[in-house]
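What follows draws every value from the coordinates through simple rules; no lab data is involved. Not measured: the values here are computed from a predicted model. Virtual Cβ from ideal backbone geometry, glycine too; neighbours counted across all protein chains shown.
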Amino acid sequence: MPALRVPGWTAHVHPSGGRATLTQGPWFFCLKHHTVEDRDGCAERHRLGPYATRAEAESALEKVAERNEQQDAADEAWEEGRR
């Protein structure tokens, strides 16, 4: 049987196994499994989000790295101004 495709929905199988289900956001990035999950994924303490789209959740770690670099630069500039 061919896979059912519904725009805006994604077939999701949790990393621990189980049945595939169709899900729609919000989306989360699981830090434990390094996967994108829907609202029924891992515990909140293990994930980032929510994100409106699956694509945003997929790029969560890159966004965190960008923000960390920006904050580090701002901290360094602030420290330089104090000297």
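Assuming R0 = 25 Å, what is the FRET efficiency of Gln24 and Glu69, from their Cβ-Cβ distance, to the nearest 0.05? Plugging the Cβ-Cβ distance into 1/(1 + (r/R0)^6) gives 0.20.
Summing Lys and Arg as +1 and Asp and Glu as -1 over all other residues whose Cβ lies under 15 Å from the Cβ of Glu58 gives a net charge of -2. Report the FRET efficiency, 1/(1 + (r/R0)^6), for Glu58 and Glu80, where r is their Cβ-Cβ distance and R0 is 25 Å, rounded to 0.05. After rounding, the FRET efficiency stands at 0.10.
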